[in-house]
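One structure is given below, encoded as structure tokens.
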Amino acid sequence: MVAGTVRVATVYSVGLHTLPRAIKRCLADHPEVNVRLSYRRTNEVYAACLDGEVDFGIVAVPARRPGLEVVSLGHDELVIAAPPSHPIARRARCPLAALDGQPFIGFDRDIPTRRLIDGLLRRHAVRVSYTMELDNIETIKRSVEAGLGLSLLPAPTLVAEVRARTLVARPPTEGPFPRPIGVIHRRTHELSAAGRAFLALLTAELTAPRRR
């Protein structure tokens, strides 16, 4: 029987919306495994892995760093988030050019997803007006709902709001625009049986739907 504790640190946008299914599967298959999950900023996730404070870190746009192994977990896709009253909501798909000059709500500048989005906008010659820069995906969504600006966000983070009709999610016509997701762990740290089981299930759960 696989048993033990697995310590995981993750960013909010992945931990709240992408991981629950995989963790539920792990606990169902291995009831003696205890998953301790904490939410942190990206730089803190890397630091916790390097310091041995956690067994795994799960981040968006994973970067190669000395001493860390990166395992791909596939990707999610960036979509335009807008309130239902916005003209964008009347389109099934929307060009990125529709964001030009618009009030925009984004992640803080040191967050990898922000750098990914900024690069995407530059490549398509789109200039947005950042009105708010935040470190939490939930706060960004609430601000978009309030009509304070538009945003580009990972599609899985918007499922509940789209279902409740408080936000719309529109794929850019130039897309899809993937946001890579990966799990990191120390190269020199030998994974426990519980850690290996968790990593195997995590990889299977998060990559299988994309293969299909």
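The values are calculated or read from the model by the stated rules, or taken from the named source; none is laboratory data. What you see is a predicted model; the values in this text were computed from it and never measured. A quick note on method: Cβ atoms are made from the backbone with ideal geometry, for glycine too, and the neighbour counts reach across all protein chains shown. For the accessible areas, the whole protein counts, side chains as well, though only heavy atoms, and no ligand, DNA or RNA atoms are used. Shrake-Rupley method; radii C 1.70, N 1.55, O 1.52, S 1.80 Å.
The figures follow:
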| item | result |
| --- | --- |
| Top-ranked residue in the range 131-156 [being β-branched (Val, Ile, Thr) and in contact (Cβ under 8 Å) with a residue 12 or more places away in the chain; ranked as most open to solvent (accessible area, probe 1.4 Å)] | 131 |
| Conditions (1) within 20 Å of residue 203 (Cα to Cα); (2) touching a helix residue (DSSP H, G or I) at 6+ places or on another chain (Cβ under 6 Å); (3) crowded, with 17+ Cβ neighbours inside 10 Å; (4) not charged (D, E, K, R); number of the one not met by residue 75 | (2) |
| Residue among 112, 83 that alone is open to solvent by less than 70 Å² (accessible area, probe 1.4 Å) and closer than 30 Å to residue 197 by Cα | 112 |
| Leading residue by the ranking (least open to solvent (accessible area, probe 1.4 Å)) among those in the range 59-71 that are in a strand (DSSP E or B) and over 15 Å from residue 111 (Cβ atoms) | 68 |
| Contacts under 7 angstrom Cβ, first residue in the range 76-90 being without any contact (Cβ under 8 Å) to a residue 60 or more places away in the chain, partner open to solvent by less than 40 Å² (accessible area, probe 1.4 Å) and of a type in the set (Val, Ile, Thr), 6 or more apart | none |
| In the range 162-201, residue surrounded by the most Cβ atoms within 10 Å (Cβ to Cβ) [restricted to those that are out of contact with any strand residue (DSSP E or B) (no Cβ under 8 Å at 6 or more places or on another chain) and either under 17 Å from residue 116 (Cα atoms) or without any contact (Cβ under 8 Å) to a residue 24 or more places away in the chain (or both)] | 174 |
| Residue that is surrounded by the fewest Cβ atoms within 10 Å (Cβ to Cβ) [pool: residues in the range 17-58 that are farther than 18 Å from residue 115 by Cβ, out of contact with any Lys or Arg (no Cβ under 9 Å at 6 or more places or on another chain) and hydroxyl-bearing (Ser, Thr, Tyr)] | 39 |
| Lone qualifier among 159, 128 - being within 18 Å of the chain's Cα centre (by Cα), within 28 Å of residue 40 (Cβ to Cβ) and either open to solvent by less than 30 Å² (accessible area, probe 1.4 Å) or not charged (D, E, K, R) (or both) | 159 |
